[in-house]
């Protein structure tokens, strides 16, 4: 059994879900690990990783709206040095989670038919985000 | 170190928490991996996996009620082609998460005394759900 | 590739986020696994594990306030045998999650600059909590 690791970098364009399924599968192809698993870990506390619906774009818009409603800006947070969108971003990252571990089949993530892997940017501005990708297997 | 993988299939009976602890431990017994870990991944975006209280059934009812309150049906979602319970199901799946990694001891998941592993069905109707199970170890 | 496992025990002092980054990295140093990954699993349903901001203490206070607002005590729960803080604790544990898998570099968790690993205690009283720590690698 082998292991391999990389830091994947993504440029986000403000609040939204940025699909990274293809990027992760491309990296996996280069590692030549066919059977095993991949772990993805987001190194930020105002961005996160999640697996969700990859077909209807309206699903992502509804998820974003729900998150904005659940953790609204200007809701009397004590921590607001970095702007009104900062504390809501930490809350959203806590709720959606920063790590994913996925089994592989034939060198690709074993996602369901309607699933994609997304980097969720919770800040308004564009950011450079790093995701650690690690594969174990043969 | 060895690895092994299976697709476990479960029939849910509509919205609720379906315990799969015994099914996963039975599969682990068949793999004969005693020390190591298991990763479970739910291949759906309107069902999810979670570890919660396995003793008092009222806990599961309260969790379900909380999720219904947090993501109510008919809340003005843009995505509603598949029915009023679809978008709330995606939100609940996002909040509870679709993947779990658990260490093993003596071939069984190292759950706490009051913990069970549950497949959470977030749609009203009965569904066939697939969970990828993968074990690594010796 | 080797694997090693330990049960880490923590004494919490009631509701709050207890940083365990240093404890986990100390244990990792003792295992002498330099490249690989660590899985942490909280064996409780009213405490959980999360990765969040480790610099500004106000962030943790805001996260706690948000969780208390999202799952308030005395909200008509069916399950209340163990006190008014019990069912909110199960909800908060469901939302924040009990397991974390993190890649290692040079024997340490590959956290981002502003990230720490926290054991979140969701009950009012002090508790002894156990976290299973498992490392795989070389």
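Can you tell me which residue is farthest from the other protein chains (Cβ to nearest Cβ) among those in the stretch B:125-138 that are farther than 27 Å from residue B:13 by Cβ and in a strand (DSSP E or B)? Spell out how you get there, then give the answer.
Taking the stretch B:125-138 and keeping what is farther than 27 Å from residue B:13 by Cβ, we get B:135-138.
Subset that is in a strand (DSSP E or B): B:135-137.
Details: B:135: 10, B:136: 7, B:137: 7 Å.
This residue is B:135.
Restrict the check to the stretch B:114-124 and report whether at least one residue is facing another protein chain (nearest Cβ under 7 Å), assigned to a loop (DSSP other than H, G, I, E, B), over 21 Å from residue A:37 (Cα atoms) and touching a strand residue (DSSP E or B) at 6+ places or on another chain (Cβ under 7 Å). Outline the logic, then answer.
Initial filter on the stretch B:114-124 (facing another protein chain (nearest Cβ under 7 Å)): B:114-115.
If we keep only those that are assigned to a loop (DSSP other than H, G, I, E, B) too, we end up with B:114.
Going one step further and asking which of them are over 21 Å from residue A:37 (Cα atoms), we end up with B:114.
Remaining after also requiring touching a strand residue (DSSP E or B) at 6+ places or on another chain (Cβ under 7 Å): B:114.
The answer is yes; a qualifying residue exists.
Considering C:89, C:47, which residue is in contact (Cβ under 8 Å) with a residue 24 or more places away in the chain and touching a helix residue (DSSP H, G or I) at 6+ places or on another chain (Cβ under 8 Å)? I'd like the intermediate steps shown before the answer.
Details: C:89 fails: touching a helix residue (DSSP H, G or I) at 6+ places or on another chain (Cβ under 8 Å).
From the options C:89, C:47, the qualifying one is C:47.
Exactly one of (1) surrounded by fewer than 17 Cβ atoms within 10 Å (Cβ to Cβ); (2) more than 16 Å from residue A:111 (Cβ to Cβ) is unmet by residue A:31. Its number?
Only one criterion in (1) surrounded by fewer than 17 Cβ atoms within 10 Å (Cβ to Cβ); (2) more than 16 Å from residue A:111 (Cβ to Cβ) is unmet by residue A:31, namely (1).
Can you tell me which residue among A:112, A:116, A:125 is touching a helix residue (DSSP H, G or I) at 6+ places or on another chain (Cβ under 7 Å), surrounded by fewer than 21 Cβ atoms within 10 Å (Cβ to Cβ) and more than 15 Å from residue C:112 (Cβ to Cβ)? Even if it seems obvious, please write down each step before you answer.
On the way: A:112 fails: touching a helix residue (DSSP H, G or I) at 6+ places or on another chain (Cβ under 7 Å); A:125 fails: touching a helix residue (DSSP H, G or I) at 6+ places or on another chain (Cβ under 7 Å).
It is A:116.
Please report, ordered by residue number, the strands (runs of 3 or more DSSP E) entirely within the stretch C:1-110 with at least 1 residues that are at pLDDT 95 or above and within 7 Å of another protein chain (Cβ to nearest Cβ).
Numbers: elements: C:2-11, C:16-19, C:36-42, C:47-53, C:99-105.
Result: C:2-11, C:36-42, C:47-53, C:99-105.
The values are calculated or read from the model by the stated rules, or taken from the named source; none is laboratory data. Note that the structure is a prediction, hence the values are computed from the model and not measured. Cβ coordinates were reconstructed from backbone atoms using ideal geometry, including for glycine residues, and neighbour counts include every protein chain displayed.
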